[in-house]
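Okay, structure first, notes after.
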Amino acid sequence: MHILLTGGTGLIGRRLCRHWRDQGHQLTVLSRTPEQVPGLCGAGVRGIAHPDDIRDQAVDAVINLAGAPIADRPWTRKRKMLLWDSRITLTEQLMAWLERREQKPRVLISGSAVGWYGDGGERELDEDAAPVSEDFASRLCIAWEETAQRAEGLGMRVVLLRTGLVLARDGGMMQRLLPPFKLGMGGPIGSGRQWMPWVHIDDQIAAIDFLLNRDDAQGPYNICSPSPVRNRDFARTLAAILHRPAFMPMPAFALKVLMGELSILLLGGQRASPSRLQAAGFTFRFTDLHAALENLLGRH
């Protein structure tokens with residue numbers, strides 16, 4: 001199978017490349033720095049700067065994961081434009097390329113996030129739930145999904161990945177959390193009651209592979225463990241794994257002053273459940289947070 005990836009040099013993309021390369025698939029990664037792709041994604045993975053560089057070569061599947069990190073810095077007007085362009089504008093360009101192609105891929109798997117629902121409070125959110133509240137992250141995900149769904153009109157199967165907080169040792173949220181927690185300065189954020197829908201990186205990769213190969217899979221899927229936890233319990237569990245205390249809470253007012261509108265992401269949450277994924281027959285390897293963190297960080 002020939003798979004085209006956007007966002008292939010990111011945390012999830014690199015792991016997907018490794019997984020699918022080991023299975024013998026042909027991989028092409030769309031990147032602003034195509035010359036770096038083989039070093040980041042593995043020997044034999046081709047980097048291209050524009051979809052047209054594929055020319056008339058057949059493509060079986062498109063995996064669209066590109067997007068600037070949403071929680072790296074405050075949401076200034078300039079930052080919001082970058083977040084929008086790196087997701088929606090890029091996906092629009094991908095749709096234009098697909099429309100021009102005579103040979104269409106069979107499936108488009110496109111990124112999204114549980115932030116699609118907004119701050120869900122105590123509500124249990126499966127894929128049938130409507131957005132609960134509207135903030136910038138929610139509007140971003142809604143527009144991202146709507147743009148990707150245009151591929152259905154081209155006869156393609158479209159899968160939307162509403163991903164939770166991906167736990168990995170070598171990147172993502174854990175990379176930002178580990179330094180303060182290792183110093184014994186970690187703790188809950190705000191009240192600590194907000195729900196955190198998490199997923200182990202191995203389950204994230206397995207779920208995407210599962211949806212790629214299941215011909216009847218289409219529409220949105222929550223990619224998160226069936227056992228979400230509250231932020232305070234996440235902090236306690238992470239601290240226990242690292243043999244450190246967790247008594248340094250981040251007050252909500254301080255977070256709002258430091259991060260502005262971005263603080264909504266950390267002070268809110270989603271009690272999301274992977275109902276459609278489990279109904280389709282997917283089995284999670286990690287459903288217990290302690291076991292997941294022990295697997296990732298047990299040697300610390």
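Observations, loosely collected:
- Counting only residues at least eight positions apart within a chain, or on another chain, the aspartates and glutamates with an alpha carbon under 16 Å from that of K182 are D170, E294.
- Gain on full stretching of the segment that runs from R55 to A252 - 0.36 nm per residue minus C-alpha separation: 65.8 nm
- Cα gyration tensor shape of segment 22-122, rounded if a/c is under 1.5, else prolate or oblate by comparing a/b with b/c: prolate
- Shape of segment 235-284, Cα gyration tensor, a/c cut at 1.5: oblate
- With Cα atoms defining each centre, segment 18-43 and segment 98-168 are spaced 24 Å apart in the structure.
- Percentage relative contact order, segment 12-60, counting C-alpha pairs under 8 Å, at least six apart: 33 percent
- Relative contact order [Cα under 8 Å, 6+ residues apart], segment 1-119, whole percent: 26 percent
- Chain lengthening between T33 and M185 when straightened (0.36 nm per residue, less Cα-Cα): 51.0 nm
- The three principal axes of the Cα atoms in the chain give end-to-end lengths of 58, 39, 38 Å, sorted in falling order.
- Cα-based reach from K80 at 21 Å (exclusive), listing lysines while leaving out same-chain residues under 8 positions away: K256
- Taking every DSSP bridge with both residues inside the chain, close to 5 percent are antiparallel.
- Note: relative contact order over the chain, using C-alpha pairs below 8 Å and six or more positions apart, is 18 percent.
- Additional length obtainable on full extension of the chain from R214 to R73, 0.36 nm per residue less Cα span: 47.1 nm
Taken together, the values in this text are just the output of simple stated rules run on the coordinates, not laboratory data. Predicted model only: the values in this text are computed from it and were never measured.
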